[in-house]
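Scroll down for the structure; my scribbles are underneath it.
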Amino acid sequence: MREIYIFVGENRSKTAKENGYSWQECQRTGKPVLSAIRLFDALSKNGLDPRAQVIFNLWNDDGSLNRFIPEILMELAEDGETIIAMGQKVQAELQRLGIEHKPLIHPAARGKIASKVLYRKHFREVLD
């Protein structure tokens, strides 16, 4: 298993925007909130430092595609980095753009996968 991965999410939720939460702020403070809680838990339980990972959102807060991220992701993929697409919307867009990635169920998903044990297992399977 690598030490650093490139995680790609959709965009900030309404709650995240209202409270000023971001992936980067969660990494900086070491205090995950919302979907970062499940992602950071899975990272930690699989021996990875959440603060060392690269995490982008593909869309801006206004819903527009971030014009820089696809180009950055293409370059990273060409350099052999492992890109993890969180959620079906991101997976579909990366597929459309021709960016190689591994599909991960979004950390905010509901249902059985919301179980820490099941999400950790799914996470490990995706990264292996």
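Label-to-label distance for Asn19 and Leu118 is 2.4 nm, based on points extended 7 Å past Cα in the beta-carbon direction.
Below 8 Å between Cα atoms, with a sequence gap of 6+, how large is the relative contact order for the chain in percent?
Numbers: 165 pairs, mean separation 40.4, N = 128.
After rounding, I find 32 percent.
Which value in deg cm²/dmol, rounded to the nearest 500, describes the helix-derived mean residue ellipticity at 222 nm for the chain, given -39,500 (n - 2.57) per DSSP H run of n ≥ 4 and division by the residue count? Show your work: numbers first, answer last.
Working: 6 runs with 56 residues, N = 128.
It lands at -12500 deg cm²/dmol.
With r as the distance between the Cβ atoms of Arg96 and Asp49 and R0 = 22 Å, compute the FRET efficiency 1/(1 + (r/R0)^6) and round to 0.05.
On the way: r = 31 Å, r/R0 = 1.42.
The pair Asp49/Arg96 has a calculated efficiency of 0.10.
Using Cβ contacts closer than 10 Å as the measure, can you line up Ile55, Ile37 from fewest to most?
On the way: Ile55 19, Ile37 15.
With the sparsest Cβ surroundings first, the list reads Ile37, Ile55.
Would you mind telling me the antiparallel percentage of the DSSP bridges in the chain, rounded to 5?
Around 10 percent of the beta bridges assigned by DSSP in the chain are antiparallel ones.
What shape does the range 81-127 take by its C-alpha gyration tensor, where a ≥ b ≥ c are the square roots of the eigenvalues and a/c under 1.5 counts as rounded, a/b above b/c as prolate, and the rest as oblate? Oblate is the answer for the range 81-127, as a/c is 1.5 or above yet b/c matches or exceeds a/b. Reducing the range 15-46 and the range 70-128 to their Cα centroids gives an inter-centroid distance of 16 Å.
We did not get these values from a lab; they are worked out from the coordinates using the rules stated. Keep in mind the model is a prediction, meaning the values are calculated, not measured. Note that each Cβ is placed from the backbone with ideal geometry, even for glycine, and that neighbours are counted across all protein chains shown.
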